[in-house]
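A short worksheet on the structure shown next.
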Amino acid sequence: MPRNDGDSSSGSGPNPNPNPNSVPKLSNGGTPPQLKRSRTITATVASGGAAAVRRAATGPLPSSRRLTVAVDNPSDAPANGGVFDRDWCYPSFLGPYAARPRATGRASSSGPKKLDVPLPLQSSADRSSAALSDEEEKVVEERPLVLEERKQGPFPSTSISPPKRNSRFDNNSLILSLFIVACALLAISQQKRIIELEEEINNLNRFCNFDGVNGHEKVAVLQFGRNSLGNRSIALYIVFLSLASPFLVLKFLDHIPQIKARPESLNCNDEEVPLKKRIAYRVDVFFSVHPYAKLLALLFSTVLLIGIGGLALYAVSDASLSEALWLSWTFVADSGNHADQVGSGPRIVSVSISSGGMLIFAMMLGLVSDAISEKVDSWRKGKSEVIESDHILILGWSDKLGSLLKQLAIANKSIGGGVIVVLAERDKEEMEMDIAKLEFDFMGTSVICRSGSPLILADLKKVSVSKARAIIVLAADENADQSDARALRVVLSLTGVKEGLKGHVVVELSDLDNEPLVKLVGGELIETVVAHDVIGRLMIQCALQPGLAQIWEDILGFENAEFYIKRWPQLDGMCFEDVLISFADAVPCGVKVAANGGQIVINPDDSYVIKEGDEILVLAEDDDTYSPGPPPEVRRGFLPNVPSPPKYPEKILFCGWRRDIDDMIMVLEAFLAPGSELWMFNEVPEKEREKKLTDGGLDLSGLTNIRLVHKEGNAVIRRHLESLPLETFDSILILADESLEDSVVHSDSRSLATLLLIRDIQSKRLPSKEAKSPLRYAGFSHSSWIREMQQASDKSIIISEILDSRTRNLVSVSRISDYVLSNELVSMALAMVAEDKQINRVLEELFAEEGNEMCIKSAEYYLYEQEELCFYDIMVRARQRKEIVIGYRLANTDQAIINPENKSEVRKWSLDDVFVVISNGD
């Protein structure tokens, strides 16, 4: 083992072993070779005065087993000598030491000088001192050049360079393999020579026995035998080389690039990629890029097996080459055809070909099975292309999809059904399962689901986006800004379709402020429906006019009457007053004026004359269920002298905070009378509320009709709600809070909890009618239905914003809320605009705070008590008030009737009845 110099200072004599008695003696009286310490010999170098240090073993080891470590400047080493201050001895029992080759050459004059110092040697009978001195001098002469190379090397002197690969074994293996191949070829040739000789003997026997054959035929027989034997030998050699060459190439493939790149590897340190890996990579790329690569590889393998098998059969049998190839094909196609082969050679070859045929057949079955599975999987995952036209395309997935599909299916019922394609980033099976849970009869309409992203043009082309008659972009169930940003990206993708779009695009937005940007990007093809804005405006209208929610559900849905626009040339030249009573199955509501750029005028003047190109806006059950006829005779009569009631101040409570609450306040400012109060109860701090309202564009100082009262608290904590005078509010609106807009379920749960708490608190307080404003009901004293809806069992009218239709049904059945509005209304609006984009102009005007609006009026404004009139008579009387009557609700019924069927039927009316009208709001 190596030892430090300081470990045995007394070992400097001829026998450094401290315990000589422990050395075993040999049988001949001598001592075995011992491991000796090395000594350090130093000498002063002329240049620079630096000392060169060299260590050499001083024991009786042979020169081939001596390990020499040298440094050129020991002053650079650490104080303790470092790694060079140790004794290195190569053990003799490990065998001869293979010394590294030294660079031969003379050291430069600037390098360390040669040291010619004799080393003390132990006496031995096997070695002379002169030979050892010459060898030590040679080592010392070669050493400075090695040190100079170590200085110039890229690694420090203490690092151990990795051993170079010894190619001697690989070369030997190559030579041995080639030798084996040569021997095998020689043995085969000798065997074939024996067979040829035997065949010649047989031919000679046949030659001797054919007495009746002339000389030319005998020579031909001998020549044919020799040619046949030669051809079969060549075929056998080809088969053997064809089978052996792949194994040889595969074994020695890595040596080919090393031989070619060996001169370059001396100048470049980059690692060379083996040829085997490069070939494997190219094959992998080929199979990945080309879809039919597996089939081509199988075909090539089959042809190669038939060819090699045919040559082998030709070599070992008496058949011709064509017959051998045909037999090879039969063995590949049917593994049982080799049973009738005779002889060892043909049987071995036929079994081998049959085994290869079974392997190829198994590979073919695997490829066919994979292809079928991949195709079925693509069908199952919705990756196939949709070949449809004039279909409705829905991009995205949300909770509104179920209601939207129902409305579109009802709209397509009159044409025998249609095709609806849904493209969403969900699994096709999951989408189909969720649609099946709706348990709704689509009445002939087919719903096709495809999995993909609306942001990718390839996925859009997969659903035939350019051939769709309408495209609906649903808002995602996430943050409003993120949802609108995604909708904007979808619109950009749609505008990038090279084939163009056949139909219009209906985009559902969550924030009204993002509407101008989407319209700017999409242009004239884009129609927007702002979900929050629609629900907010409907909630305010229903709070001011109880019962209006059910009317809007009937009009927006396709189950009853809905808006249609159509051109009727036979009405040209007629006044709108006569057109109003010309439809037995529809109610005209407006005119699309062709001369004014197609502007839709709702509730026009009676004197307006229908011109060429004008279209009529009506409320009808379907687009093919109505047509104009001759105007009937009506009794105009006179309206009762009932003045319109004045507007009185109201007190309204908002529970929760919506992102568009500033728009709702502006709508209330337009509808409410001066002196009204709006209480805002939510968890947003008051200072932050004012900042949000101001950022939304609301001028707080410009509010003249309403006064804002801020209360901070949690709407689901009872003690916070008890601090409010809940029994004094005319209407309470429970809003879906902005903090929970990402989760429909949590938002509805919070709204439902707030509704139950408010109802419970109101029921325990005094139901004093005098606490509520009696002025509110002054104009509706003769309407029992409206009075019941307004009083609501002596409690305030509560409008709950419910987003999920399932929660909406729960609240409606329990009858704990007067009115419930949900996303189902938004789905109805989307479906109606998708069927006809012109209807969006109608809805925008009816939802706006200015212009025409939907109202519920008492019968006392149009008739007298127990007066007998038909519906046409009431429509004509309402024109004196510049209103259009579109339906009614009798006092003893729960459902309003829009667009009644028998308009000419005379009936007796009551003052408790109400009429649904479109009024200009003046």
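Quick note: the coordinates plus some simple rules give every number you see, no bench work behind them. Computed from a predicted structure; not experimentally measured. Counting neighbours? That spans all protein chains shown, and the Cβs are built from the backbone with ideal geometry, glycine included.
How large is ³J(HN,Hα), in whole Hz, for each residue of the stretch 668-674 in order, when computed from phi with the Karplus curve 6.51 cos²θ - 1.76 cosθ + 1.60 and θ = phi - 60°, using x for Gly and Pro?
5, 4, 7, 8, 7, 7, x
At a Förster distance of 25 Å, what's the computed FRET efficiency of Glu683 paired with Val709, Cβ-Cβ distance as r, to 0.05?
Details: r = 16 Å, r/R0 = 0.64.
Here the calculated transfer efficiency is 0.95.
Which length gain, in nm to one decimal place, applies between Ser763 and Arg719 when the Cα-Cα distance is subtracted from 0.36 nm times their residue separation? Mind showing how you got there, number by number?
Values: separation 44, 0.36 × 44 = 15.84 nm, distance 1.55 nm.
Full extension from Ser763 to Arg719 adds 14.3 nm.
Given the peptides 503-510, 597-604, 323-330, arrange them by the average over their residues of other C-beta atoms within 10 Å, most packed first.
503-510, 323-330, 597-604
Determine, from the Cβ-Cβ distance of Leu492 and Glu425 and an R0 of 22 Å, the FRET efficiency 1/(1 + (r/R0)^6), rounded to the nearest 0.05. Show your work: numbers first, answer last.
Details: r = 17 Å, r/R0 = 0.77.
Using R0 = 22 Å, I get an efficiency of 0.80.
Once R0 is set to 41 Å, what does the formula 1/(1 + (r/R0)^6) return for the Cβ-Cβ distance between Asp606 and Ser378, expressed as a FRET efficiency to the nearest 0.05?
After rounding, the FRET efficiency stands at 0.10.
Measuring from label point to label point, each 7 Å out along Cα→Cβ, what is the Phe286 to Ala371 span in nm?
Each label point is offset 7 Å from its Cα along the Cβ direction, giving 1.9 nm.
Name the long-range amide H neighbours of Ile472: under 5 Å, sequence gap of 5 or more, or other chain; modelled H, no Pro or chain starts.
Those qualifying (amide H under 5 Å, at least 5 residues apart or on another chain) are Leu393, Ile394, Leu395, Val506.
Which length gain, in nm to one decimal place, applies between Asp441 and Glu849 when the Cα-Cα distance is subtracted from 0.36 nm times their residue separation?
143.1 nm
With each pseudo-label sitting 7 Å past Cα toward Cβ, what's the Arg881-Asn596 distance in nm, one decimal?
2.4
Take peptides 575-588, 335-348 and line them up by average Cβ neighbours within 10 Å, highest first, as a rough protection proxy.
Top to bottom by mean Cβ count within 10 Å: 575-588, 335-348.
Antiparallel versus total DSSP beta bridges in the stretch 385-524: what percent is that, nearest 5?
Given both bridge residues lie in the stretch 385-524, the antiparallel proportion sits at roughly 0 percent.
Would you pull out the residues with amide H under 5 Å of Val601's amide H, same chain only if 5 or more places away, H placed 1.01 Å from N?
Under 5 Å from the amide H of Val601: Val591, Lys592, Val593.
Of Ile526, Asn514, Pro546, which is farthest along the charge dipole of the stretch 509-560 in the positive direction, counting Lys and Arg as +1 and Asp and Glu as -1 at C-beta?
The residue sitting farthest along the positive end of the dipole is Pro546.
Quick one: of Lys375/Lys462; Lys857/Lys882; Lys375/Lys428; Lys502/Lys837; Lys406/Lys437, which pairs are farther than 18 Å apart, Cα to Cα?
None, as every Cα separation is 18 Å or less.
Order these peptides, 555-561, 368-374, 720-726, 295-301, by their mean beta-carbon neighbour count within 10 angstrom, highest first.
Order by mean packing, descending: 555-561, 720-726, 295-301, 368-374.
Distance in nm between label sites at Ala333 and Ser739, each 7 Å beyond Cα in the beta-carbon direction?
With each label placed 7 Å out from Cα toward Cβ, I get 7.9 nm.
Once amide H atoms are placed 1.01 Å from N in the peptide plane, what residues at a sequence separation of 5 or more from Gly887, or on another chain, have their amide H within under 5 Å of its amide H?
Correct list: Asn899, Val916.
Quote to one decimal, in nm, the extra length available between Ser701 and Ser904 on full extension: 0.36 nm per residue of separation minus the C-alpha distance between them.
That works out to 67.8 nm of additional length.
Please list, in order along the stretch 592-609, the HN-Hα scalar couplings obtained from phi with the Karplus expression 6.51 cos²θ - 1.76 cosθ + 1.60 (θ = phi - 60°), rounded to whole Hz, x for Gly and Pro.
Going residue by residue, I get 8, 7, 6, 6, 9, x, x, 6, 8, 10, 8, 6, x, 6, 5, 7, 5, 9 Hz, with x marking Gly and Pro.
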